[in-house]
Amino acid sequence: MASSLDRWIRMWSHLSRRRLKGEVDEELEFHLEMLAQKYESQGMDPADARRAAEERFGDPGRIKKSTFRAERSRVKQRNRAVLMDNLRQDLRFAFRQLWKRPVFSGIALAMLALGIGANTAIFSVVHNVLLRPLPFHEPDRIVRIWESRLEQGWERASVAPGNFWDFRDMNRSFVDLGAYRFSAANLTGGEHPEQLSQGRVTSGFFGEVLGVRAVIGRTFLPGEDEGQGEGNVVVLGNEFWHSHFGGDPSVLNTQMTLDGESYTVVGVLPRGRPWLDFADVYTPILREFEAVRTSFELAVIGRLRDGMTLEVGRDDLASVARRLEEAFPEDLAGIGVTVGPSSEWVATDETRRALWVLLGVVGFLLMIACVNLANLFLARATGRVRETAIRAATGASKGRLIRQGLTESLVVSLLGAGLGLVLAWWGVNTLIAMAPGNIDGLSDVTINAWVLAFTLGAGVLTGVVTGLVPALQASGSDAASTLRAGGQSIAGNRAHNRLRSVLVAAEVAVSLMLLVGSGLLIRSFGELMGAERGFESENRLIASVNVPDQYGPDEFLSFNQRLLDRVRELGPVQSAALVHIRPLSGGSTGLGFARPDQPDPEGGTPWASWRLVSPGYFETIGVPVLRGRDLTADDLAAMGDGPLPALISERIAEQLWPGEDPLGRTITLWAGQTESPGEVIGVVGDMLERGIDQGPTFAVYLPYFPAGFAPDIVVHTAGAPTALVPRLRSLVAELDPNIPLSDVATMEDMVGRSVGSRRFTMVMVSIFAGLALLLALAGVYGVQAYSVAQQTPEIGVRVAIGASKAQILKKVIFQAMRPAIFGVVLGLGGAYGLTRFMSSLLFQVETSDPLTYAGVAGILVVAALFSAFLPALRATRVDPVIAFRTE
Amino acid sequence: MPSPKPESKADLLKGTLDLLILKALTFGPRHGYGIARWLEESSRDLLHIEEGSLYPALSRMEKRGWIQSEWGSSETNRRAKYYRLTASGRGQLSSQAQGWERLVEAMSLVLHKKQA
């Protein structure tokens, strides 16, 4: 061993260029002098002899240079070979060490697998959801376009069809604009009728604007949105193609019956989101001349011409808007446009923020795992201090020792990364199963090359960080004093102990920050679930009844009435009613409202959502009628003559008639649009209509008149609501076998879906924070146990001179708690600084919530005390006699 | 005086220096000066060698693994670098020597040919 060490040292000194040069000089000078001596002994005088020697030798300067060059290339090659040789030795050594200490290796690998696995899993989600490019050609040229009325406070409305066609024809900076209308169609001809989601698009929507091609067949042809072409054509979404036709290409040119009409399948779209798998089937929008300009119906996107910026496109459309405003001053007063880049489609701000926070959280988790691992290596380095000292004394260079330590930690961390990858693969599947459905791109998250690269990087970084600290420590200790102290270097231990305390403080601090984050999210979620919703969700079932457009008004009303009558006859039904957009669905309708006897308030007309409801809706959904009365069948019958009978939410009553009785008053509905008068017949409680975390809206409820909106039926049951589903289905089939029931859910499901993403974030952060706490406590325990073992002789002395058990316990625990308390204080400060990045994820809880901070600090202190206590107890049982013997 | 008379000496053919050095080391380790002296004696000073050119050649040969160097002390008790033949160097010597002899044989056959 020593001789090979010797060789290495010589190798490394060769690296020094100056030394190499010196050696070349020395060798050549020796030759010249010997030669000169020879000539002198033949009788030359010294100067002549030297000249003759140089003549025989050749120009010394030139030869030195070329010899040095040859030598440097030789030494470089040899060093490389030695490096490889060392690496092989270090690797063999590292694996032997791992194998020899299975407990150490097991703990280290488990911690690393956990840390790296969590990071890999979350990174693969982040990569797939946030970093992966959109599935379109040159997506930075694609934009989303909205209409705006900034004076009325809305910036992003869908575009009215009349305006869309003008925007498309009159702009100069877009290749094409495309429009998309969300719709639905009943598919018949199969065993059961089925409701399909239907996207209605302009001809250029897929090809010109998104730049996608059909995987088989074609997308729409120019002119198909203007009624030309080969009759009814339909393009299938990829998911639908697979779920209904098993991905069979022979689907082309087959016929489908949608809403009673026959359509020819002409193509299938590629997979992807957004837009592509939004709907099951796609049909062309038909252009109407004289299309409406005040009904906001179309989602509009556009592809900018090459070289045009978003700003140029926006200004261009704004100038078109000004021309439209001049042409239609009544309908389009104040019209503007908002243009947003397609990068916004990747994920909502909240999803984005939640994922980055999660990535940060698992990053911290890995940090704690690293600290623990560094501590383990450090403890082992102390155990091997004598061996290291001997090697240092026999000439192993610092660099060599550090490299060996690093090789060992890299081997451990790369093995850990491999295990972590397995864990991540499992974790990603669990995560997908747990996640709410509204994160695009989550379902096809995979471990791809980017993820592998990330994992490898995490492994290498971990190895370097955990290996460098102990290796530097070990190589830094003074060999001579270590050997003199019989392998128990006092100075070395003191430095190690200090470092260990710092590491403990760091991991306590980091885990505290994570716990504060998770605590804030848990508190938020508690607030959210405890929030006053204004409606009941228990034992409520909701389903869409897809009454087709072909039903005439009378047919529609009589169908609705028969449906409600029959449903109410079912045994467990307490009440049933219809609504045209179900609560918490995110679907929105808006109207401006005003008091006719008052000028518009400052800041423009307020905006309310409106719902068509059947009598009994409020009772069924559990919203109280505070004043006045519910709608009746007579209200519906009387519609058309006089003002619309309307119920308003409490907030509207307070807004328009503060302190007055609103009953019987006239309210202007669709203010600024159709200006329809309504009569307030009742006031109902506010409800969280848009989502549990959205706050109450202004709401207006009107009789369910036939306006082309298929109803949702809400049923309040006596027992479990899902038991009713089959009977409801067969009942609807009895009334009309072509009407499918769809989107069946309990109100509890709806509530769950509404808070799904918040719950997901909370659960994920809490799991990782919990793991972090466990790792940190394991760290505190490990360090405490180690330091008690180290101090056994010292404690023995104390016991021998009469220290009581209580005194020893106190001293040992105090010693362990000092870094922990320090870490708690540090962590509180860090949490205060970092949690503000998650303020948008919180609901009615401040990021500085004192309750959370105090609670988490308390939990950590108690837990740290507990994990310091067990080793301390062992310290009190030290038998002085045995303790001295170990010395 | 041994002032060299270039016209009476043979210039070294390219590639033959390696062969000479390998041969010089077959009788045991030598330093560079020692190699030069041995070559001078054994060729009866007929070869014109620029002695300095030995050193880049030695380094190159060491890189190829034919020889190994080690610092030691000389007959006059000075630090000097000694070169020793390795097993692969020995193999190299015999194959180069064979090649050389074939060349010499072919050359003299050609040069002694009397008629066309």
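Values computed for the structure shown
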quantity	calculated
Charge dipole of region A:139-345 about the Cα centre (unit charges at C-beta), most positive-ward option of A:Leu187, A:Ser197, A:Gly302	A:Gly302
Cα pair distances of region A:752-840 binned at 10 Å [whole percent]	13, 30, 24, 16, 11, 5, 1
DSSP bridge orientation in chain B - percent antiparallel, rounded to nearest 5	80 percent
Degrees separating the helix A:553-569 axis from the principal Cα axis of chain A, which is the longest one	70 degrees
Inter-site label distance for A:Glu151 and A:Glu191 at 7 Å from Cα along Cβ, in nm	5.9 nm
Neighbour cut-off at most 11 other Cβ (10 Å), DSSP loop, trypsin sites (Lys or Arg not before Pro), region B:36-88	B:Arg44
Contour minus Cα-Cα distance for A:Leu468 and A:Leu91 (0.36 nm per residue)	134.1 nm
Most positive-pole-ward Cα, A:Thr674, A:Leu741, A:Pro658, against dipole of region A:540-754 from beta carbon charges	A:Leu741
Selection from A:Leu236, A:Val212, A:Val268, by position along the positive dipole direction of region A:139-345 (Cβ)	A:Val212
Column: log10 I(q)/I(0), Debye, Cα scatterers of region B:10-111, q = 0.10, 0.12 Å⁻¹	-0.29, -0.41
Rounded to 5, percent antiparallel among DSSP beta bridges of region A:540-754	70 percent
Relative contact order (%) - chain A, alpha-carbon pairs under 8 angstrom, separation at least six	15 percent
Equivalent-ellipsoid semi-axes of region A:540-754, from the Cα gyration tensor, Å, largest first	30, 19, 15
Cβ charges +1 (Lys, Arg) and -1 (Asp, Glu), total dipole of chain A, debye	8140 debye
Calculated P(r) tail over 56 Å for chain A, as whole % of Cα pairs	36 percent
Computed label-point distance, nm, for sites A:Arg181 and A:Trp450 using a 7 Å Cα→Cβ extension	3.7 nm
Links that overshoot a 28 Å alpha carbon limit, given the list A:Lys65/B:Lys23; A:Lys38/B:Lys63; A:Lys76/A:Lys100; A:Lys100/A:Lys811; A:Lys64/B:Lys63	A:Lys38/B:Lys63; A:Lys76/A:Lys100; A:Lys100/A:Lys811
Within region A:95-133, backbone nitrogen closer than 19 Å to the virtual label 7 Å beyond the Cα of A:Leu359 toward Cβ	A:115-133
Test item: Cα-centred dipole of region A:589-679, Lys/Arg +1 and Asp/Glu -1 on Cβ, debye	200 debye
Gain on full stretching of the segment that runs from A:Ala854 to A:Val103 - 0.36 nm per residue minus C-alpha separation	266.7 nm
Crossing angle, helix A:310-327 versus chain A [Cα axis fit, 0-90 degrees, rounded to tens]	10 degrees
DSSP-defined beta bridges in chain A - what % are antiparallel, rounded to 5	80 percent
Cα-projected label distance for A:Glu846 with B:Arg90, points at 7 Å along beta-carbon direction, nm	8.8 nm
Number of partner chain Cβ atoms within 10 Å, mean per residue of B:54-65	6
Percent RCO, i.e. relative contact order, over region A:139-345, from Cα pairs under 8 Å lying at least 6 residues apart	36 percent
Candidates per GluC sites (Glu not before Pro) in region B:67-116, loop by DSSP, up to 11 other Cβ within 10 Å	B:Glu75
From the C-alpha gyration tensor of region A:139-345, square roots of 5λ in Å	32, 18, 15
Helix A:805-834 vs. chain A, principal-axis angle (Cα, 0 to 90°, nearest 10)	50 degrees
Filtered GluC sites (Glu not before Pro), region A:229-285: DSSP coil and at most 15 other beta carbons within 10 Å	A:Glu230
For chain B, built as a Gaussian network whose Cα springs stay under 10 Å, the top-fluctuating residue of B:Tyr33, B:Tyr55, B:Tyr82	B:Tyr55
Mean separation of Cα contacts under 8 Å (6+ apart) over length of region B:10-111, as relative contact order %	30 percent
Check: region A:139-345 dipole with +1 on Lys, Arg Cβ and -1 on Asp, Glu Cβ, in debye	540 debye
Full-extension gain in nm, A:Phe278 to A:Thr632, via 0.36 nm per residue minus C-alpha separation	123.6 nm
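Throughout, read-outs are computed from the coordinates displayed, never taken from laboratory work. None of these values were measured; they are calculated from a predicted model. Because the Cβ atoms are built from the backbone with ideal geometry, glycine has one as well, and the counts that use them run over all protein chains shown.
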